[in-house]
Amino acid sequence: MTTTVQPGATTAPAAGPVVLGWFEPGSDAWHAARAQGIGGSEIAAVLGLSPYESAFSLWHRKQGLVGPVEESEEMYWGKVHEPGICARFAAEHPDLDVTVAPTYCHPDRPWQIANPDRHAGPDLLEAKTARDAEGWGEEGTDQIPVHYRGQCLWYMDVTGTRRCWVAVLIAGSEYREYLVEYNAAEASYMREKAEEFMASLAAGARPAIDGHTATYQTIRELPDGLDDVDVEIDTALRDRFHAAQDTFWAAEDELTACKGLLLDEIGTGRRAVCDRDRVATRTVRAGRTYQLLPARTRRNAR
């Protein structure tokens, strides 16, 4: 089953893309080229689909109010493994000319930025790494994490291509390939939301505060200094905060109890499964249980 971004009206790309330059991902020049627009890794945040960035945090970065996203270990190793993943794809597809791609913008929408990893003949290629197979469906399909699907569609919409390959290295040793086809309705919906986001930047109207971790981290960065004063808040916010605390504590106690029941049930086993689906994995150090890792995360919970 295909996970779609969301449908909308259809329009076709007008002309070929504009080459902005050749930049090292993460470099100052790379950030500068994307500063006034929305890139493929950013459109998921605009849509509320990114596990790493929220619309709120992205808005503040675009306004220059907080710094660029700091490179994580996941991002670092993704860059390190990219050439090898692309080389493996090229070896698997000798009929496709795999070449490094520049940074593009759409000819009619200069704020729509694309920085694909590679061209693969008439198609695009994105190289990804993943700690495990969660969110990745059957190989050869387009069943990939939805934020990556949005990235592929965004790049295709900018460049006018109709297919984007996704080659992923899972857990450092399992190589898979997926293929995403262009969907005009989804692309149109993304453009609509991106235009609304760009308008909010121009108007200085920040997105609403939500529960994304990136939103909270952004709010933490914004104040500068400390005034030793009391600030009166309204009773609705106080009550909401207290209710959330109570719910969290109750959920935390219930989760701890469930972990204990799971560990007791699986004994010396490694994984807890139900109907062949993995529920949790037990890790061991020096012969003792170290932790119980859930299969479901905030990114893949339904």
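Here is a yes/no grid of residues against (1) outside any strand (DSSP E or B); (2) among the charged types (D, E, K, R); (3) under 29 Å from the mean Cα position of the chain (by Cα); (4) outside the structural domain of Ala130 (by TED's automatic domain parsing):
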residue	(1), (2), (3), (4)
Ile233	yes, no, no, yes
Arg238	yes, yes, no, yes
Leu255	yes, no, yes, yes
Arg278	no, yes, yes, yes
Thr281	no, no, yes, yes
Arg296	yes, yes, yes, yes
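Do we find a residue being touching a residue at least 40 places away in the same chain (Cβ under 8 Å), more than 15 Å from the chain's Cα centre (by Cα) and under 16 Å from Val180 (Cα atoms) anywhere in the range 84-101? Yes, there is a match, as at least one residue in the range 84-101 is touching a residue at least 40 places away in the same chain (Cβ under 8 Å), more than 15 Å from the chain's Cα centre (by Cα) and under 16 Å from Val180 (Cα atoms). Residues of the range 62-95 that are touching a helix residue (DSSP H, G or I) at 6+ places or on another chain (Cβ under 7 Å) and under 18 Å from Tyr52 (Cβ atoms): Lys62, Val66, Pro68.
In the range 178-190, of all residues being in contact with a helix residue (DSSP H, G or I) (Cβ under 7 Å, 6 or more places away or on another chain) and not polar (S, T, N, Q), the one that is surrounded by the fewest Cβ atoms within 10 Å (Cβ to Cβ) corresponds to Tyr182. Annotation for the range 24-35: no member residue is surrounded by 13 or more Cβ atoms within 10 Å (Cβ to Cβ), modelled with pLDDT of 90 or more and in the same structural domain as Arg206 (by TED's automatic domain parsing).
If you take the residues of the range 141-169 that are in a loop (DSSP other than H, G, I, E, B) and surrounded by 22 or more Cβ atoms within 10 Å (Cβ to Cβ), which of them is nearest to the chain's Cα centre (by Cα)? Looking at residues that are in a loop (DSSP other than H, G, I, E, B) and surrounded by 22 or more Cβ atoms within 10 Å (Cβ to Cβ), I get Pro145.
Okay, residues lined up against (1) within 19 Å of Pro116 (Cβ to Cβ); (2) touching a Lys or Arg at 6+ places or on another chain (Cβ under 9 Å); (3) in contact (Cβ under 8 Å) with a residue 12 or more places away in the chain:
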site	(1), (2), (3)
Pro25	yes, yes, yes
Asp28	no, no, no
Arg34	yes, no, yes
Gly40	yes, no, yes
Ser54	no, no, yes
Trp59	no, yes, yes
Glu73	no, no, no
Tyr76	no, no, no
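The values are calculated or read from the model by the stated rules, or taken from the named source; none is laboratory data. Quantities reported herein were computed from a predicted structural model and do not represent experimental measurements. Backbone-built Cβ (ideal geometry, glycine too); neighbour counts: all protein chains shown.
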